[in-house]
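One structure is given here, and the rest of the page talks about it.
Coordinate-derived values only; no laboratory data. Predicted, not measured: the structure shown is a model, and the values here were computed from it. Positions of Cβ are backbone-derived with ideal geometry, glycine not excepted, and every protein chain shown enters the neighbour counts.
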Amino acid sequence: MTRKTKTQAAPTFTAPAIPPADVLGRLAALKTAATPALKQQWREFFGTEPPPYNRRFLESRLGYRIQELAYGGLKPDTLARLEALGEQLDGGKVTVRRMRGDDKPIAGTQLIREYQGVEHVVTVTRAGYEYAGQPYQSLSAIARAITGTRWNGRVFFGLRPSRSAA
């Protein structure tokens, strides 16, 4: 004799509804919540384990999710439009889509940094950077030429905060 077993569908995740009146308080509480509490909120709002990213990422993404649950997410036509724009840029290739974009400033931008009482001006070009009439491939190379030591060029020129400033 064979038994028939019912196949049960995996339960679907349902995020809790958040009243719009609670949004501001919840957003403010993210800044003071302990990291384990943020991870627990992630589980509650997303139904998955939190990613191993830093606290600032968790706060940012949870803040968006709280607002999304209270006010609603993007409209389907907005999502479709964003998807279409993305496919125009990357031809629908997932590997290209996941690559980090170029975060170099626009060509012609001048970066000015005072170091030991001397003002140093770097011009962003299409091919890289120009400093003191010489072409350079990276800001780090320019920072090394100025200081004589290794530097993260983006930090040296103030394009990215140093870890100690965060």
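Below is a table of values for the structure above.
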item	result
Cut-off under 5 Å, modelled amide H: who pairs with Trp151 long-range	Arg144
Value of D in µm² per second that Stokes-Einstein yields for the stretch 110-160, Kirkwood Rh from Cα pairs, at 37 °C (0.692 mPa s)	305
Residue-by-residue Karplus 3J(HN,Hα) for the stretch 64-76, coefficients 6.51, -1.76, 1.60, Hz, glycine and proline x	5, 5, 4, 5, 5, 5, 7, 10, x, x, 5, 5, x
Environment charge at Gln137 (Cβ cut-off 13 Å; Lys +1, Arg +1, Asp -1, Glu -1)	+2
Expected-Rg normalisation [2.2 N^0.38 Å, Cα atoms] applied to the stretch 14-91	1.27
Relative packing of 131-137, 56-62, 14-20, which averages over residues the other C-beta atoms within 10 Å, highest first	56-62, 131-137, 14-20
Residue-by-residue Karplus 3J(HN,Hα) for the stretch 44-61, coefficients 6.51, -1.76, 1.60, Hz, glycine and proline x	5, 8, 10, x, 9, 6, x, x, x, 8, 6, 4, 4, 4, 4, 4, 5, 5
